[in-house]
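The values are calculated or read from the model by the stated rules, or taken from the named source; none is laboratory data. Note that this is a predicted model, so its numbers are computed, not measured. With ideal geometry, Cβ positions are generated from the backbone for all residues, glycine too; neighbour counts draw on all protein chains shown.
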Amino acid sequence: MIKFPPAKINLGLNVLYKRSDGYHEVDTCMVSIGLTDVLEVLPSKEFQFVQTGLKVNGEVKNNLVVQAYDLFKENFNLPPVYIHLRKNIPMGAGLGGGSADATYMLIMLNELFELSLSIEELKNFAAQLGSDCPFFVENSPQIGQGRGENLFPIDLDLSGYFLKLIFPGLHISTAQAYANVSFSKNEISVEAVIKNGIDKWKLQLNNSFESSAFLLHPQLEEIKNKLYEKGAVYASMTGSGSTMYGIFKEKPEGCVVVEL
């Protein structure tokens with residue numbers, strides 16, 4: 001069985017405050033895009049995990065895909081599997097590749113071993129692996145609140161637009177990003193801003209991580225400004241960074257360009 005876990009971008013990301021449980025309350029919109037990893041899962045006599053493409057650092061046991069398998073193995077007594085993960089989505093880029101891989105592992109194991117888990121059950125398991133993971137169960141545009149796991153569908157059609165991604169090779173850890181974040185003072189919700197129309201996003205749709213990221217890495221702000229100079233309708237950093245993106249009405253040149 002082979003599937004293609006997609007990256008995502010955040011359209012706006014308001015970090016509102018730090019909660020008593022140590023997590024942060026957020027308000028964001030997540031949209032999956034056409035940049036994908038490749039994930040293969042097969043029954044096997046013994047557990048095997050092979051990773052190709054972009055190198056993922058760290059021990060195998062700490063890979064989110066392996067943790068997803070271990071989670072289901074513990075709950076459903078699964079037999080061994082062979083896993084091949086080909087990484088195309090850069091790590092530490094704010095694109096959610098690791099979260100997508102983990103969630104797709106749950107989806108594939110659910111199908112492969114006929115566990116008959118519902119969408120909501122899959123989301124509950126995915127939330128144990130990471131805040132962004134439940135989004136990838138359905139992949140449709142969704143508002144994320146709470147720590148990102150409380151999801152609500154939003155009517156959003158970006159077909160006909162083009163997305164230009166620029167990953168400058170900076171790895172910004174989530175912990176580092178939250179340690180320096182400036183809490184949002186926006187009184188209007190991300191959902192309300194998005195519904196105002198894309199032409200209003202430049203002035204109203206913000207990412208709380210940008211201010212600290214731009215201070216530490218001024219080149220990120222330069223990239224954002226250049227995206228607007230090249231005609232982007234909207235440009236932003238996605239997630240906690242460091243990928244910058246621009247949304248265009250006409251297909252732009254260079255870097256990674258995908259149709260929305």
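So, of the residues in the range 50-90 that are among the basic types (Lys, Arg) and outside any helix (DSSP H, G or I), which turns out to be modelled with the lowest pLDDT? Among those that are among the basic types (Lys, Arg) and outside any helix (DSSP H, G or I), it is Lys55.
This table checks each residue for (1) more than 19 Å from the chain's Cα centre (by Cα); (2) among the polar types (S, T, N, Q); (3) modelled with pLDDT of 85 or more; (4) under 19 Å from Leu205 (Cβ atoms).
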site: Pro153; (1), (2), (3), (4): no, no, yes, yes
site: Asp157; (1), (2), (3), (4): no, no, yes, yes
site: Tyr161; (1), (2), (3), (4): yes, no, yes, yes
site: Lys164; (1), (2), (3), (4): no, no, yes, yes
site: Gly169; (1), (2), (3), (4): no, no, yes, no
site: Thr174; (1), (2), (3), (4): no, yes, no, no
site: Asn180; (1), (2), (3), (4): yes, yes, no, no
site: Lys185; (1), (2), (3), (4): yes, no, no, yes
site: Ile188; (1), (2), (3), (4): yes, no, yes, yes
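Taking the listed residues Asn124, Asn110, Asn139, the one that is assigned to a helix (DSSP H, G or I) and under 19 Å from Met30 (Cα atoms) is Asn124, with no other qualifying.
If the condition is being under 30 Å from Lys164 (Cβ atoms) and of a type in the set (Asp, Glu), then the range 21-68 contributes Asp27, Asp37, Glu40.
Taking Phe214, is it farther than 19 Å from Gln142 by Cβ, outside the structural domain of Cys29 (by TED's automatic domain parsing), among the aromatic types (Phe, Trp, Tyr) and not in a helix (DSSP H, G or I)? Considered against the rule, which asks whether it is farther than 19 Å from Gln142 by Cβ, outside the structural domain of Cys29 (by TED's automatic domain parsing), among the aromatic types (Phe, Trp, Tyr) and not in a helix (DSSP H, G or I), Phe214 comes out as no. I'm trying to understand the selection: among the residues of the range 15-49, which are over 26 Å from Asn110 (Cα atoms), in contact with a Lys or Arg (Cβ under 9 Å, 6 or more places away or on another chain) and either modelled with pLDDT of 95 or more or not in a strand (DSSP E or B) (or both)? Arg19, Asp21, Tyr23 - these are the residues of the range 15-49 that are over 26 Å from Asn110 (Cα atoms), in contact with a Lys or Arg (Cβ under 9 Å, 6 or more places away or on another chain) and either modelled with pLDDT of 95 or more or not in a strand (DSSP E or B) (or both). Just one of (1) over 17 Å from Ile9 (Cα atoms); (2) surrounded by fewer than 18 Cβ atoms within 10 Å (Cβ to Cβ) fails for Ile107. It is (2). Could you list, ordered by first residue, the pairs with Cβ atoms under 8 Å in which the first is in the range 64-76 and among the aliphatic types (A, V, I, L, M) and the second is surrounded by fewer than 19 Cβ atoms within 10 Å (Cβ to Cβ), at least 6 apart or interchain? Between residues of the range 64-76 that are among the aliphatic types (A, V, I, L, M) and residues that are surrounded by fewer than 19 Cβ atoms within 10 Å (Cβ to Cβ), the close pairs are Val65/Phe49; Val66/Phe49; Val66/Val60; Leu71/Gln128.
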